[in-house]
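Take a look at the structure below.
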Amino acid sequence: MAQPFVLPDFYVPYPARLNPHTEEARRHTTGWARRMGMLEGSGVWEESDLASHDYALLCAYTHPDCDAATLSLVTDWYVWVFFFDDHFLETFKRTQDRAGGRAYLERLPAFMPMDGTAAMPEPVNPVEAGLADLWTRTVPAMSPAWRARFAEATRNLLNESMWELSNIDEGRIANPVEYIEMRRKVGGAPWSAGLVEYAAGAEVPARVASSRPLRVLRDTFSDAVHLRNDLFSYQREVEDEGENSNGVLVLETFLGCTTQQAAEAVNDLLTSRVQQFENTALTEVPALCAEEALGPDECAAVAAYTKGLQDWQSGGHEWHMRSSRYMNEGLTTGTSAPFGTSLGGRVPGLAGFGTSALDIRTLFGRPAEARLRTLTHRPRPVGPSLLPEFDLPFPLSLNPHLEYARVRSVAWAGRMGLLNDIWDEAKATGFDLALCSAGLDPDATREELELSAEWLTWGTYGDDLYPIAYGRTRDLAGAKAATERLKACMPLDDPAAAAAGAVTPMERGLADLWARTAGPMTAAARASLRHSVAVMLDSWLWELHNMAQHRVPDPVDYIEMRRLTFGSDLTIGLARLRHGDGLPPEARSSGVLLSLEHAAMDYACLLNDLFSYQKEIEYEGEVHNAVLVVQTFFDCDYPTAAAMTAGLMDSRLREFLHVKEHELPLLCDDLGVDDRARTALGAYVHELEDWLAGILHWHRNVRRYREEDLRGGAVPWRLGTPAGIGTATMRWPARAQRPGVSV
């Protein structure tokens, strides 16, 4: 069968190496798989299948430095996970047996007890037998913290197979953001990162395991592994198995382009994620080690873990070029012409494993051009922001206490000192943050609405202040110190004592809001609120870090951090707390509810970026705007990037509606929740709809993004015509209108 596209040139900056114990691992894992019942008689594999897939070679490439016993155990883990994937496909995906699949998955966590000596159920299939054996052999060498992380990654890998099953059943193809997030869980690379810790003898210190730098290392590693796999497995998954969970298919559908163009775009995103890994490893990880005062052994463990992830990337690439499981015609043998000729490929005379890192196109080709674009953006005149139609189907409701909150919130800003430097009373009045609160909280009491408006006032002021006070001067140390002082204004034990050390306007404002908001809360709700504020503050430091490098963010990193810089976790968190008693715990922590929240957050954040493009790019010299990120990534013009951003925003809205109408009812059925819990979930979804409607209404009417607000006086303009990949289905207004005017 002809390949559906020509595989692109991959960015592989690290040489692959082969573990010398490969043959021993092959012999061991074949015997192990047979003892677990995975071969003859399983209905899934024969020994010839296992031999042709050669998972021992995969592990020998991805873990080149471990000893024979460790390599054999790690190989068994990979045999188990690939067998699970194929077993689930044959047993439940092909038959679309959702009930059977869920029952099958619900038994598996019992084979991963935190106490390694605890009793397990009797295995009834090869997957259960394999997991029980592997868990018992692995966990004695690792800490309880690692066990918890690895068990969670394993549960995610197993449970989110239901998401793939649901999409196959519905014939639904995910949008790009949804796909990246879900692929991390079903694709298993976070699980692989846990095995890197084991194989490298480099367990990450528990106190930094959840920090942003370590999370980004894990997530960029995961995304790169999955996107690479999607390119190699497109033919098998999409054309043979009927899968619709493949990044090439996702972009092919979203962009409305050819399969070859989608493959190139996936490879560009893969390159961007590897380059984000490099940037994080070199700039954020060392700072983390210093700030957390990690000891020499802990720093060495983090370094070895980082190296282990690099080894996995290069080794995984080499294995994909050789395994019979994947589409790799023309990549496993032979030599190619040097860069600049029509043949492409490897360096002449240097065929064989590990030589992909010697291809000079990884230094001077598309990867280098893409990296250069992220570092060479310059502020420029762009004209008024281009706005699409906003087909938001949720009605707007405004709180009747709007005027009261307007007066009170501006007066509060004056008392706190927020109107004495970058803001004045006219600006605060024009920004009309009470209008936003009135849409977000249409049912709030007068006092609740005032408090909401003041939270938005404080957060927007801080978002404006940080780039001016610390970004332009690259005062990262000053910003870090200011952030820690702000966190100190949110004591958990005695909220009323928050004002004791508050000095600056931001500190006084936060201390006042904290005492009034957190005081009546339960301890759990108070901790949740503090976390939401803290992650928003930390996300502003991330923006400053990029500003210091003059670096346009990687697309995935931007989307995920934008939810925090926008303060969406804070404002949605307040809505979530109102229904906390009614939401069943299983639903509150489910991937379904998280996907609903993320879809809403992304719609609002992308909407804000469309409105604020001129303000941020032309007047503030910002690099944190989704339209600019898309422009930089695709190397396209502004109208095209704006249209693609609008398309992504619309796809997130469609996902929100899909989750609301299909996945939430399924979740309720699966969990067997009662009517009270269903009512609470419905009320929470309605809160999110109000949140979106209120944000759109505020952007259309606020005096913050309009041409006359930015440079004093309206300037006639027309929309550019978007053209190129991904813009065919974008809907734009028939007549151009200035930002801020209702459309």
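The values are calculated or read from the model by the stated rules, or taken from the named source; none is laboratory data. Source: prediction; values computed, not measured. Virtual Cβ from ideal backbone geometry, glycine too; neighbours counted across all protein chains shown. Ligands, DNA and RNA are stripped out before the accessible areas are found, and what is left, the full protein with its side chains, is counted by its heavy atoms. Shrake-Rupley method; radii C 1.70, N 1.55, O 1.52, S 1.80 Å.
One table, with the values for the structure above:
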quantity: Computed over the chain: relative contact order in percent, which uses C-alpha pairs under 8 Å that are six or more apart; calculated: 14 percent
quantity: Leading residue at positive end of dipole, the chain (Cβ point charges), from LEU108, PHE82, THR457; calculated: THR457
quantity: Principal axes of the stretch 119-163: Cα extent on each, largest first, Å; calculated: 29, 25, 14
quantity: Convex hull volume per residue for the stretch 102-231, taking Cα atoms only, in Å³; calculated: 120 Å³
quantity: Entries in LYS307/LYS480; LYS307/LYS487; LYS427/LYS480; LYS427/LYS660; LYS185/LYS615 that, when Cα-Cα distance is taken, lie over 31 Å; calculated: LYS307/LYS487; LYS427/LYS660; LYS185/LYS615
quantity: Computed helical MRE - 222 nm, the chain, DSSP H runs ≥ 4 contributing -39500 (n - 2.57), nearest 500; calculated: -19000 deg cm²/dmol
quantity: The stretch 306-322 - phi-based ³J(HN,Hα) in whole Hz, Karplus 6.51/-1.76/1.60, Gly and Pro as x; calculated: 4, 4, x, 5, 5, 4, 4, 4, 5, x, x, 5, 4, 5, 4, 6, 10
quantity: With all protein chains modelled, accessible area of ARG371 [1.4 Å, Å²]; calculated: 80 Å²
quantity: Computed log₁₀ I(q)/I(0) - Debye formula, equal Cα scatterers, no solvent, the stretch 626-668, q 0.14, 0.26, 0.31, 0.33 Å⁻¹; calculated: -0.44, -0.77, -0.94, -1.00
quantity: 10 Å-binned pair-distance histogram of the stretch 443-505 (Cα, whole percent); calculated: 18, 39, 32, 9, 1
quantity: The stretch 592-647: relative contact order as a whole-number percent, Cα under 8 Å and 6+ apart; calculated: 30 percent
quantity: Accessible heavy-atom area order of ASP268, ASP9, ASP557, highest first, probe of 1.4 Å; calculated: ASP9, ASP268, ASP557
quantity: Accessible area (Å², 1.4 Å probe, nearest 10) - THR457; calculated: 10 Å²
quantity: Debye intensity ratio I(q)/I(0), log10, the stretch 372-493, q values 0.16, 0.17, 0.20 Å⁻¹ (C-alpha model); calculated: -1.00, -1.05, -1.15
quantity: VAL6 paired with SER48, simple spin-label distance in nm, labels 7 Å along Cα-to-beta-carbon; calculated: 3.4 nm
quantity: Along each principal axis, Cα extent of the chain, largest first, Å; calculated: 76, 62, 52
quantity: Rg(Cα) / (2.2 N^0.38 Å) computed for the stretch 496-626, rounded to two decimals; calculated: 1.20
quantity: Overall dimensions of the stretch 266-329 by Cα: Rg and Dmax, Å; calculated: 15.5, 49
quantity: Of the chymotrypsin sites (Phe, Trp or Tyr not before Pro) in the stretch 1-70, those whose Cβ has at most 15 other Cβ within 10 Å and which sit in DSSP loop; calculated: none
quantity: Equivalent-ellipsoid semi-axes of the stretch 1-85, from the Cα gyration tensor, Å, largest first; calculated: 24, 21, 9
quantity: Mean Cα-pair separation over length for the stretch 453-551, i.e. relative contact order, pairs under 8 Å, 6 or more apart, %; calculated: 34 percent
quantity: Estimated distance in nm for a label pair at ARG34 and ASP67, the labels positioned 7 Å out from Cα along Cα-to-Cβ; calculated: 2.7 nm
quantity: For the stretch 700-711, 3J(HN,Hα) per residue [Karplus equation, 6.51 cos²θ - 1.76 cosθ + 1.60, θ = phi - 60°, Hz, x = Gly/Pro]; calculated: 6, 10, 6, 9, 9, 10, 6, 4, 5, 6, 7, 9
quantity: Difference of contour (0.36 nm per residue) and Cα-Cα distance, ILE468 to ASN420; calculated: 15.8 nm
quantity: In order through the stretch 174-190: 3J(HN,Hα) via Karplus (6.51 cos²θ - 1.76 cosθ + 1.60), integer Hz, x for Gly, Pro; calculated: 5, 7, x, 5, 4, 5, 4, 5, 6, 5, 4, 7, 6, x, x, 5, x
quantity: Protection proxy ranking, peptides 117-129, 383-395, average beta carbon neighbours within 10 Å, highest first; calculated: 383-395, 117-129
quantity: Radius of gyration and maximum dimension Dmax of the stretch 495-546, Cα, Å; calculated: 12.3, 38
